[in-house]
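The values are calculated or read from the model by the stated rules, or taken from the named source; none is laboratory data. The structure displayed is predicted, hence computed values, not measured ones. With ideal geometry, Cβ positions are generated from the backbone for all residues, glycine too; neighbour counts draw on all protein chains shown.
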Amino acid sequence: MLRIAVLFSGRGSNLQALIDGTSSDNFPATIICAISNVPDAYGLKRARDAGIETLTINHREFSSRENFDKALDDALRDRNIDLVCLAGFMRILTLGFVEAWQDRLINVHPSLLPAFKGLDAQQQALDAGVKLAGCTVHFVRPGVDDGPIISQAAVPVLDDDDADTLSARILVQEHVIYTQSVKLIAEGRVQVKAARVFINPN
Ligand code: GAR
């Protein structure tokens, strides 16, 4: 069983998708803890309701990014975490943390990377006038929303979309590919070679 920690900052719908996915029969991974940097994040309730250990590590209580990341790192190591899943975790992690967790740290982002990195990716897609938008699950590297891509899903951009309707359509796919990606990693089928990820057949 792969031991997972999910890090989030807000509503936690991706956390919920991972809770639901990992609780299905024979899923090869289990969520050991859910960690929020925001004390009243709704995702904390989702995790508690599922009987998962929750931790709040409030970045405001730390004097530096390094100290905050050290507290995260300690919590993860104390629990023998194998894979860290960022799920709407809105903090930039230090180089030291990202390097320490290289290839054991993944993120979901609401665009077809490398397009539209950073905040408001869905509005960026609308502003650019693209006809296809989507989401990406990737291994985390030091650059923001950068790293080898594990999985992507595309959705159409419709003429009457605004950021909310497009975000909702993308989010449905985030939930699907995030759970699938975790499963592939837990099955040992994911291989990273430089910028590319290869999925070994069953
Ligand atoms: C998701 O759309 C996720 O892709 C995005 O935040 C949202 C969190 O929603 N993450 C980023 O933009 C990271 N760059 P959730 O809390 O309901 O999972």
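A few notes on this one:
- Among the residues of the range 43-98, those identified as of a type in the set (G, A, S) and in contact (Cβ under 8 Å) with a residue 12 or more places away in the chain are G43, A47, A50, A71, A75, A87, G88, G96.
- For S181, the criteria (1) touching a residue at least 40 places away in the same chain (Cβ under 8 Å); (2) in contact with a Phe, Trp or Tyr (Cβ under 9 Å, 6 or more places away or on another chain) hold in every case but one, which is (2).
- Test for V157: is it aliphatic (A, V, I, L, M), within 19 Å of L119 (Cβ to Cβ), away from the ligand (no atom under 14 Å from the Cβ) and at pLDDT 95 or above: yes
- Selection count where residues are part of a loop (DSSP other than H, G, I, E, B) and either under 15 Å from the mean Cα position of the chain (by Cα) or under 23 Å from Q191 (Cα atoms) (or both), scope the range 116-158: 12
- Boolean, L113 is without any contact (Cβ under 8 Å) to a residue 60 or more places away in the chain and part of a loop (DSSP other than H, G, I, E, B): yes
- Among the conditions (1) more than 15 Å from the ligand (Cβ to nearest atom); (2) part of a strand (DSSP E or B), the only one that I81 does not satisfy is (2).
- Residue satisfying condition, being on the phi < 0 side of the Ramachandran plot and in a helix (DSSP H, G or I), within set N67, N107: N67
- Residues within the range 117-154 that are more than 10 Å from the ligand (Cβ to nearest atom) and closer than 23 Å to V98 by Cα, tallied: 13
- Flag: P114 matches the condition of being surrounded by fewer than 15 Cβ atoms within 10 Å (Cβ to Cβ), more than 11 Å from the ligand (Cβ to nearest atom) and either modelled with pLDDT of 95 or more or closer than 25 Å to D20 by Cα (or both).
- Residue list for the range 99-110, restricted to those being within 12 Å of the ligand (Cβ to nearest atom), in contact with a helix residue (DSSP H, G or I) (Cβ under 8 Å, 6 or more places away or on another chain) and without any contact (Cβ under 8 Å) to a residue 60 or more places away in the chain: H109
- Filter result (over 28 Å from N67 (Cα atoms) and in a loop (DSSP other than H, G, I, E, B)) within the range 1-43: M1, S23, S24, D25, N26, F27, P28
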